[in-house]
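Student: Before we start, here is the structure in question, set down as structure tokens.
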Amino acid sequence: MNEPNRCKSWRSWALHPITLAVFLLFDLGFAIGLLVLSSISSSHSGIASIANETFVSLGSSWNLALLWTTLPNLLFRLLGIFWDCIAAATIDRQPFAELRRPGGAKADRSILLDYRTSPAPLRWAVAFKNRHFLIITLTQKRVNTEALVSISATDRGCDVAQEFALASIQPVYFKTTSEISCSAATYFSRLIFTAATYSQDSPSLMANLSVISCIPGYAATPGALTIANSLTQRPEIVSFNRGSPDMTRPTLWRVFEQGLLSPVTFNPNTKWSTTNFGSVILYYASSLDPSSYLATDNLILSIKPMFTSVYLTAVAMQAMQASQPPAATIATARSMQSRLFVIPWVAYTISTILIIFGACLVWTWHYVGIFSDVPFLQPLYPTHYTNHHPSILTEEPSGMLSYAGILYNSNLNTLANEVRSEVNYNGKFVEQAKTRWNFNTAVCRVVGGGPRAVVRVESSVPNR
């Protein structure tokens, strides 16, 4: 029988033309869909109304409103897993592709190369050293620009702490929390405010950091209030003769302080992430000084009046009762409606990243020579161009038996025999092989063609 001069290289299912085409379709579909939804959201004050409806399934009650937060996360997570499979398959085949290069490849780029042994955040550095620029692009996706920030301190005898996530997609942060477990000697509670901006250049990913801890004060001051009333003008305070203030905290101060920082309303027009009370403070701070509303002094000047205003409003609405029967009047009732928004700058950022992924996918498609498998693309690319990164693999490596077949009749077996035959062999084969042989000048290649191609190591000089 005549042995063929050429044997088709094996490729993982993740690098199959159909697999890459499906990923490209979903990738570009998500990118275009986000841009369309962003346009609809901007012109219609949201893309849909969120009804607070529930349904019962598997014995549990499910809120339909949660679908809008869980479904996008699930879809992008699945897309990320899909991309990881493609990246892993490309990375795993790289050493075998290096052996097929004309003239061979250096040992550290072929028989000594295994990207899986490098930490994921540092894998790009190894790829840069080996001039594997596609691998750099694929591994950069795994570098996460998110961080979990933890802040702890002691404020006048009371321990306070905050923890929140920091990510590049959010430029301004204003974290608001309450601490109600302080002792009576340290005045019972604290309201903690942390302001910061995201900075890629900072080791902590934060800039303009301010941490403010406040002791809420409550005072009931009795006294004689004199006002001047007029039928044509607003009542005017003439005087207030105050008595001794009562500094006793109201009964429900814990409920008030925790409830003060609980409500969160999404506003697509703001560039910060915070609670409703935090937004009120930032709006007031912006009115005082729009250019430096996150300055510490500016925030302190804003927190005091906003806390007082919210507390007095809550007291007036919930604690005080009218001294006369309520009068009938005509009023307009308004109800809040929850709407689903798409933040434009987030949609543009994610769409740009998805388009970049699509471009990287086309690069991967070309790099592994898939264009030669697509009939209608073959006339557009010369054969030598589409197959300039073939692999020596003719089947999927499955266990040690497959690697034994790859190394059949290779002089690597002779090197292995010499290393393992040493008296002081300790089981660390690669370490002792590098000690015995100088691989810096070694050239690794395959000799012959077809399924019986042999892996050879040439120009490797013994160190001793």
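The values are calculated or read from the model by the stated rules, or taken from the named source; none is laboratory data. No experiment lies behind these values; they were computed from the predicted model shown. Note: ideal-geometry Cβ built from the backbone for every residue, glycine included; neighbour counts use all protein chains shown. What goes into the accessible areas is simple: the full protein's heavy atoms, side chains included, and nothing from ligands, DNA or RNA. Shrake-Rupley method; radii C 1.70, N 1.55, O 1.52, S 1.80 Å.
Student: Quick one: order 176, 352 from most to least accessible surface, probe 1.4 Å.
Tutor: Of 176, 352, the descending order of accessible area is 352, 176.
Student: Protein chains only, probe 1.4 Å: how do 50, 91, 356 rank by accessible area, largest first?
Tutor: Descending accessible area places them as 356, 50, 91.
Student: Another question about this same structure. Take each of the peptides 20-32, 185-197, average the number of other beta-carbon atoms within 10 Å over its residues, and list them starting from the highest.
Tutor: 185-197, 20-32
Student: How large is the accessible surface of residue 16 in square angstrom, using a 1.4 angstrom probe and rounding to the nearest 10?
Tutor: 90
Student: Ranked highest first by average number of other Cβ atoms within 10 Å, how do 398-408, 446-456 line up?
Tutor: For the peptides 398-408, 446-456, the packing ranking is 446-456, 398-408.
Student: Loop only by DSSP, 13 or fewer other Cβ within 10 Å of the Cβ. Give me the GluC sites (Glu not before Pro) in segment 390-452 that pass, ordered by residue number.
Tutor: 395, 422
Student: Oh, and also: Using 20 Å as the Cα-Cα cut-off, could you pick out the over-long pairs in 106/129; 106/428; 175/304?
Tutor: 106/428
Student: Can you pull the accessible area of residue 435 for me, 1.4 Å probe, Å² to the nearest 10?
Tutor: Result for residue 435: roughly 80 Å² accessible.
Student: Provide the solvent-accessible area of residue 92, counting protein heavy atoms only and rolling a 1.4 Å probe, rounded to the nearest 10 Å².
Tutor: Surface accessible to solvent at residue 92 totals approximately 70 Å².
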